[in-house]
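Participant: This is the structure, below, for whatever I ask next.
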Amino acid sequence: MNEDPNGDSRSGEDFCCVRSICWFSCGAASAVATKLALQERDNCEIVYQDTGAEHPDNERFLKDCEQWFGQEIKVIKSDKFKDVWDVFEKTRYLVGVGGARCTAEMKRIPAEKYINHFEDDEIFGYTAEEQHRVDRFREGNPERRIVTPLIEHQLGKADCLGLIEKQGIELPAMYKLGFNNNNCIGCVKGQAGYWNRIRTHFPEVFERMSKVERDLDVAINKRYEGEKRIRVFLDELDPEAGRHDEPDMSCGLFCVGLDLG
């Protein structure tokens, strides 16, 4: 018998027949999680959600990973919006207490059209540092069959970066520019240090988002004076504000001896 992370016991035959959807994001963590899933499971499908706003080098990384996986990656997109900028313009919404509208439109909705939450397993690249995020996700989505190979193997973000390099695969450009994640260029969930790095490497994106903020009268960043919350628009953001440390690309103890060839 095999037991999935949500406590369902299934025979080996049933387990092999379950469709496993590997959510590949062109990030190091999702790449390693996908590789582990392919080694440990049958009937895996690898799916990439194209937001139209990620670094063009992601196309190269996706192709490199397809060769490593020995399997094609299926690309899905919104059938309503061209990219995240299209979302901002048409919905007149940037980010707020309900989260980022672009995430819902460009990732969640296309994913829900693709997957059967009650039958398919979902492979996510949550790292060993993110158990709390998984617990919160499962609590809010009890019907979904969430599988987290990196947590099962106690692999952190640094381990994943190291394992990708160990395979001889060039890391995505955003990591090499010092970003901790390979998200859209100009993620609305980023804070001051992140946006100052965007200002340095992608000034046209910084300028474009500055104009979107003013147009929608929404500031991504904020500061506090006591308990008073003060909006900080990008066009008034101190260039020295925030911090955004270089990513640790070392391969830790837990990945020693892990064969992902």
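The values are calculated or read from the model by the stated rules, or taken from the named source; none is laboratory data. Fair warning: this is a prediction, and the values are worked out from it, not measured in the lab. Ideal geometry is used to build each Cβ from the backbone, glycine not excepted, and the neighbour counts take in all protein chains shown.
Participant: Consider only pairs whose beta carbons are under 7 Å apart and that are at least six residues apart or on different chains; among these, list those whose first residue lies in the stretch 205-216 and is surrounded by 15 or more Cβ atoms within 10 Å (Cβ to Cβ) and whose second residue is assigned to a helix (DSSP H, G or I) and among the hydrophobic types (A, V, I, L, M, F, W, C).
Facilitator: Between residues of the stretch 205-216 that are surrounded by 15 or more Cβ atoms within 10 Å (Cβ to Cβ) and residues that are assigned to a helix (DSSP H, G or I) and among the hydrophobic types (A, V, I, L, M, F, W, C), the close pairs are VAL205/ILE198; PHE206/TRP195; PHE206/ILE198; PHE206/LEU234; MET209/LEU234; SER210/LEU234; VAL212/PHE88; GLU213/LEU234.
Participant: If you don't mind, another one. Does PHE137 satisfy being modelled with pLDDT of 95 or more, of a type in the set (Phe, Trp, Tyr) and in contact with a strand residue (DSSP E or B) (Cβ under 8 Å, 6 or more places away or on another chain)?
Facilitator: Criteria not met by PHE137.
Participant: Take the stretch 110-156 and flag every residue that is in a helix (DSSP H, G or I) and in contact with a Leu (Cβ under 9 Å, 6 or more places away or on another chain).
Facilitator: ALA128, GLU130, PRO149, LEU150, GLU152 - these are the residues of the stretch 110-156 that are in a helix (DSSP H, G or I) and in contact with a Leu (Cβ under 9 Å, 6 or more places away or on another chain).
Participant: Considering only residues that are out of contact with any Ser or Thr (no Cβ under 8 Å at 6 or more places or on another chain), under 22 Å from ASP42 (Cα atoms) and hydrophobic (A, V, I, L, M, F, W, C), which ones fall in the stretch 126-173?
Facilitator: ILE146
Participant: Kindly list the number of the only condition in (1) at pLDDT below 95; (2) closer than 21 Å to ASP57 by Cβ; (3) among the acidic types (Asp, Glu); (4) out of contact with any helix residue (DSSP H, G or I) (no Cβ under 6 Å at 6 or more places or on another chain) that fails for GLU204.
Facilitator: (1)
Participant: Here is a further query. Just give me the residues in the stretch 26-54 being under 13 Å from LEU150 (Cβ atoms) and not in a helix (DSSP H, G or I), in sequence order.
Facilitator: Residue satisfying the conditions is GLY27 alone.
Participant: Can you run down the residue pairs with Cβ atoms below 7 Å, 6 or more apart or on separate chains, where the first is in the stretch 229-242 and free of Cβ contacts under 8 Å to residues at least 40 places away in the same chain and surrounded by 11 or more Cβ atoms within 10 Å (Cβ to Cβ) and the partner is in a loop (DSSP other than H, G, I, E, B) and hydrophobic (A, V, I, L, M, F, W, C)?
Facilitator: ARG231/ALA219; PHE233/ALA219; LEU234/ILE220
Participant: Quick check on my filter: what residues within the stretch 173-190 are closer than 21 Å to ALA100 by Cβ and surrounded by 15 or more Cβ atoms within 10 Å (Cβ to Cβ)?
Facilitator: If the condition is that a residue be closer than 21 Å to ALA100 by Cβ and surrounded by 15 or more Cβ atoms within 10 Å (Cβ to Cβ), then MET174, PHE179, ASN180, ASN181, ASN182, ASN183, CYS184, ILE185, GLY186, CYS187, VAL188, GLY190 are the ones that fit.
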